[in-house]
Structure formats: structure tokens, C-alpha cells
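I have placed the structure first, in the form of C-alpha cells, so that the comments after it can refer back to it.
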Amino acid sequence: MFNATVQSIRIWTPKITQTCKSKDCLNALNISAHGYRCLSTSSCLHGKVVPRKKPRVVHEIAGLEPITYADRMHYVPGLAKPTFPEWDRGWKEPRHYKSPKLEDMPLHKDKPCYIFNQMTNVLEGVRQALWLSKSILIKGLPAQILNLALDPANQIENQDDRVQNAIKNSRLWDTTEHRPPRERFCPSLVHNLLHLCDSLHVTHPELAKRILADKYSLAATWRRGEIVFQVRGQNGLLLNSMSPVPVAAGDELIQSTADQALETFYPISPTIDLQCTHVYQEKNDTGFRADYPFCHAHTLFLMEMGNAPKLYPEQLRAKMLMFAFGNALARAQALYGKEPRILEKPIVVQSVATNGRLFQFVVFQLNTTDLQSDSGVKNLAWVEEDQPLYEFAKVRPLIKKKVVQVPAGLSGYEPNTFKKFLALYLHGTA
């Protein structure tokens, strides 16, 4: 009789757990077939968490030496616990390594450094990035890049059909799932588009003098006022070139930036959301050797991974701007040294970011390395926001109330977005 009752409880267990969460229901589920409690389950449900004991505070009295049980080699009630000097093995054991205190490290400095890395999510977005890089914002792309996008000589044969096939390959044809993961289709889409752009190397021989670099590490250090800042870390897929990117702004526009004021966001501190550390090295490194033939950074490609976006579009554009600025600054200091100056030949670095559907474009021009004060010549940043490449790419149609809301396949293709992507890729060759 009891076994039959227990058997019926086992059958109804899923329904009980969905509708009842009381202690009576849980107690009933803890009964085994032999009438015993399942301690592995019931103890977890009903056991109390033992509070952690507070460490005993030992008071030291000047002039009195505590009597310990060190000589007896075992615990004796009433005697104090002995303290022994730390045992030195004479060699480094990685499993028992103890790092020194921050104050004892050789790279420790009294003045803190604020670091912008690939995981930084700044509160003020582009406004904060503009202040950190001492830059002026210009909406849209430069005129010469837009002219490249409109020139029929810079178009690929059957361009729209081939771009749509690249999108379908990454979103529809390369998966058997209802929705492919973003970390899979986003890099696939970028590489497919870069492969299409590289097909123009017959008519543009300069494209053969470029190379893609992945997982390179960047380091750039500068000062704004008395505060030390750094941009460092791995940041994306970098297109390098043997020749520098052409200057986007002329001398008149560069000199006119001296009369413009930087936008502030007081009372918020410009160092908010940046990593603060006292152990750092003031390093400037492009991530490549000095004799590397493809020494000029051309375009930085950032891809938003994961099903849920890690950064909002505003913060993503700030990340693009900061790493474009970091690449330009590291190159400028390698060419002209660390002495602050107005560059005779400004350095231009481009950046493209995407989440697999929306594209962000940034063109950054470094005009000066004198970043300590807010006065004088400033840098320039062109930003093009939220350019959709397509509207929907569905493996299965979206049906609501027996009506097809979104058909299966690719829909809402925007050809102008790829034209801008291609123009940035061809900048410096046409």
C-alpha cells in the first residue's frame, strides 16, 4: 500500500512542483520508496547555513611576551597560538605564489592611470570619447569618401546580388537553427563583405598592399591636464596598409578647430567607467614590430558578439572612436616621438562596427598630440550612425494570427550601406 502511494507521488511530481512550493509539498517529495528521507535533497532544502566565524583578535601588550605551545608541538588550552616565520622554499612554486602588495610592485606609481579597454562601457558615450581624445564631432562621412561611394567605377559587378548572397550565406545558408547565434553569423558576414571588396584588386592594384591582423595588442598613453589615460588591449580586426590613409580635412578646417570649444558633461567626471589602477607602465606600442611592412592602420573592424548586445550603439561608437584614436596616437608617437606637437601630416584611421545588421562608421583624424590642454588645434571625428544593411533575415516566416508578418528569407536590403562600406575600404586607392 505504501509503495503504491509513493509510486503515485513520483508520477505527479512534475505537476506538484509547478503548482505548489510549500514545505508540505517539499516534504512529500523527499520520501523514498522505503520510507526514508532523501538527505541529499532534504538537507539542502531545510538545512541552515552555518555563519562564518569571525577571526579572533589577538591584542599585543607592550613589554609582555605571550606564552605559546610551540615547544610542546601540539595544542594546549590556555596557551597562545604561536606565529612562525614564512617558510622559504628557495624556488618559485606557481601553485603557492603570493603576489606582493601593490605598494611593493616595481610599476607602482602614486598618480593613478585611467585605462580604456575593450570591455569599457562609458556612461556618456561619444561625448566622453570626444573629450578624452580632444576631438570635434562632424556628423556624416567626409566628402571624398561619399564621392567614392557614388562613383560607378568603384562598383562591383552584380554588386547588389552578390552582397545579398553574402548576407544569406551568413544568416540563412550556414545554419540549421531557427536563429543562428550572433557570434557565428556576425564574423562570417564581415569576412564575406571584405572578400567582395577585395575582388576589386584587379582594377585597384593598391589593394594588394594590405593585410588583415587579428588579436594584436595596442597601447597608447597621453595626459589630459594632470590625469594620465591609456588605451590598451586587443580590440578587433585591423586592416593594415603599406601607405597611410589620405587626409580627410584640409588646413583651413584644421586651423578652425582652435576656435571651437570642447563639449563638457559637468558634473559627471570624464574618468567615469574607466579602469583606475596605480600599477601601470607608460607604454606606446602599435602592436607590431618597427620593421613591419604594413605599418599604417587603415580600418578597424569591431563585431558585436553574443545574442544580447554588450554595448548600446552610443557606447559602441565611443569604443570605435577611442580605439581609432589609440591606433593613430601610437603611430604618431612612433613617427614623431613623445614630444607634444601639431602634426605636419595628420594621421587618419577608420573604424567600422556592426552587430550583423546595423553598421556604424567612424573616420578619425589626429591633428595634434598636444592633448594636455583644451585650447589650440583639436582632432576631428566623422561619425555615421545606425546604417542598416537589411531589415530582416528569417529562416522561417514570422506568422501572427495566421498572417505572415515577415516572410522567410532576406527583406529590406539597403544598398547604400554597403556602398559606404566599400568606399571606406577603397579610401586611399581610388
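The values are calculated or read from the model by the stated rules, or taken from the named source; none is laboratory data. A quick note: this is a predicted structure, and the numbers were derived from the prediction, not measured. When we count neighbours, we look across all protein chains shown, and the Cβ atoms used for this are built from the backbone with ideal geometry, even at glycine. The protein model used for the area step is the full one, side chains on, heavy atoms only, and it has no ligands, DNA or RNA in it. Shrake-Rupley method; radii C 1.70, N 1.55, O 1.52, S 1.80 Å.
Just one of the numbered conditions (1) among the charged types (D, E, K, R); (2) crowded, with 16+ Cβ neighbours inside 10 Å; (3) more than 22 Å from residue 247 (Cα to Cα); (4) touching a residue at least 40 places away in the same chain (Cβ under 8 Å) is not true of residue 134: (3).
This table checks each residue for (1) among the charged types (D, E, K, R); (2) open to solvent by 70 Å² or more (accessible area, probe 1.4 Å); (3) in contact (Cβ under 8 Å) with a residue 24 or more places away in the chain; (4) assigned to a loop (DSSP other than H, G, I, E, B).
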| site | (1), (2), (3), (4) |
| --- | --- |
| 197 | no, no, yes, no |
| 228 | no, no, yes, no |
| 243 | no, no, yes, yes |
| 246 | no, no, yes, yes |
| 256 | no, no, no, no |
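Criterion applied to 262, 196 was being closer than 17 Å to residue 352 by Cβ and either at pLDDT 90 or above or of a type outside the set (S, T, N, Q) (or both), and the one residue passing it is 196. All conditions in (1) crowded, with 16+ Cβ neighbours inside 10 Å; (2) out of contact with any strand residue (DSSP E or B) (no Cβ under 7 Å at 6 or more places or on another chain) hold for residue 96, with the sole exception of (1).
Could you please let me know if residue 252 is assigned to a helix (DSSP H, G or I), of a type outside the set (A, V, I, L, M) and open to solvent by 70 Å² or more (accessible area, probe 1.4 Å)? Working first, answer last.
Working: assigned to a helix (DSSP H, G or I): yes; of a type outside the set (A, V, I, L, M): yes; open to solvent by 70 Å² or more (accessible area, probe 1.4 Å): yes.
Taking the combined requirement at face value, the residue satisfies it.
Of all the numbered requirements in (1) in a loop (DSSP other than H, G, I, E, B); (2) under 17 Å from the mean Cα position of the chain (by Cα), residue 289 misses one, and that requirement is (2). Does at least one position in the stretch 407-424 carry a residue that is at pLDDT below 95, touching a Gly at 6+ places or on another chain (Cβ under 8 Å) and surrounded by fewer than 23 Cβ atoms within 10 Å (Cβ to Cβ)? No, because not a single residue in the stretch 407-424 is at pLDDT below 95, touching a Gly at 6+ places or on another chain (Cβ under 8 Å) and surrounded by fewer than 23 Cβ atoms within 10 Å (Cβ to Cβ).
Here residue 324 passes the criteria (1) more than 15 Å from the chain's Cα centre (by Cα); (2) surrounded by 15 or more Cβ atoms within 10 Å (Cβ to Cβ); (3) hydrophobic (A, V, I, L, M, F, W, C) except the one numbered (1). Against the test of being among the basic types (Lys, Arg), out of contact with any His (no Cβ under 9 Å at 6 or more places or on another chain), open to solvent by 20 Å² or more (accessible area, probe 1.4 Å) and closer than 24 Å to residue 188 by Cα, the options 357, 317 yield a single qualifying residue, 357.
For every residue, the table says whether it meets (1) part of a helix (DSSP H, G or I); (2) touching a residue at least 24 places away in the same chain (Cβ under 8 Å); (3) of a type in the set (A, V, I, L, M, F, W, C).
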{"site": "335", "(1), (2), (3)": "yes, no, yes"}
{"site": "349", "(1), (2), (3)": "no, yes, yes"}
{"site": "361", "(1), (2), (3)": "no, yes, yes"}
{"site": "381", "(1), (2), (3)": "no, yes, yes"}
{"site": "396", "(1), (2), (3)": "no, yes, no"}
{"site": "404", "(1), (2), (3)": "no, no, yes"}
{"site": "420", "(1), (2), (3)": "yes, yes, no"}
{"site": "424", "(1), (2), (3)": "yes, yes, yes"}
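Taking the stretch 74-93 as the range and being under 55 Å from the mean Cα position of the chain (by Cα) and open to solvent by 90 Å² or more (accessible area, probe 1.4 Å) as the test, the residues that pass are 74, 75, 81, 83, 84, 85, 86, 87, 88, 91, 92.
Name the residues in the stretch 406-418 that are in contact (Cβ under 8 Å) with a residue 40 or more places away in the chain and either closer than 24 Å to residue 350 by Cβ or of a type in the set (Phe, Trp, Tyr) (or both), would you?
Our first condition is that a residue be in contact (Cβ under 8 Å) with a residue 40 or more places away in the chain; within the stretch 406-418, this holds for 409-410, 413, 415-418.
413, 415, 416, 417, 418, listed by residue number.
Only residues that are surrounded by 16 or more Cβ atoms within 10 Å (Cβ to Cβ), without any contact (Cβ under 8 Å) to a residue 60 or more places away in the chain and either hydroxyl-bearing (Ser, Thr, Tyr) or closer than 30 Å to residue 107 by Cα (or both) were counted across the stretch 258-313, and they come to 2.
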